[in-house]
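Notes follow the structure.
The values are calculated or read from the model by the stated rules, or taken from the named source; none is laboratory data. A quick note: this is a predicted structure, and the numbers were derived from the prediction, not measured. Heads up, the Cβs are rebuilt from the backbone with ideal geometry, glycines too, and the neighbour counts pull from every protein chain shown.
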Amino acid sequence: MATQPIHLYSHTRGPNPWKVSIILEELGLPYETEFVNPAELHFSSKSNLSLQELSREKVLDHLMTVALKDLMAELGLDPSKLANWADLAYSLQSSTINCEPLGMAKSIDVLCAIPLAAVAKNMEDWKTNHLGRWKDFTEDIKLDEVNGTHYITIGPTHVYSFQRG
């Protein structure tokens, strides 16, 4: 277990800070959150020495050192596999940043997992103001509520809620 928690800088807008906190929670890593205004951060300042200045290998070594050993073993993560997982997660997220859907589909089924509080106020807000936007690209949209949040909905506990009667 880490002797000191990871210091997570967060802000109220944008997806990344809360995604990082979810990952840290899942890995059992201790962390402290400090809310900041991104416009006021000075990343070039010498006083901001952090993991950002370390090589990729040193960051992975640090994460493996502070992570719960039993959990990392259970997840089958060594430094190489953790790096692959991080690369995949980053690539998947990055691929959607400039995504501009084109054309029209005959029908679209949208799986509506329980929204994270940082993204939507409730399920109705999630469906109407976020996921419902897919209606612009289809003749027929089905918004299907499924159990679990975005990160756990396809796990063994909730995947059965995808079935239709």
* Structure fact -> Within segment 57-72, residues being at pLDDT 85 or above, exposed (fewer than 11 other Cβ atoms within 10 Å of the Cβ) and more than 17 Å from Y31 (Cα to Cα) number 1
* Unmet requirement for L49, which otherwise passes all of (1) exposed (fewer than 10 other Cβ atoms within 10 Å of the Cβ); (2) at pLDDT 75 or above -> (2)
* To do: Considering only residues that are at pLDDT below 90 and assigned to a loop (DSSP other than H, G, I, E, B), look in segment 104-120 and name the one that is surrounded by the fewest Cβ atoms within 10 Å (Cβ to Cβ).
  => A117
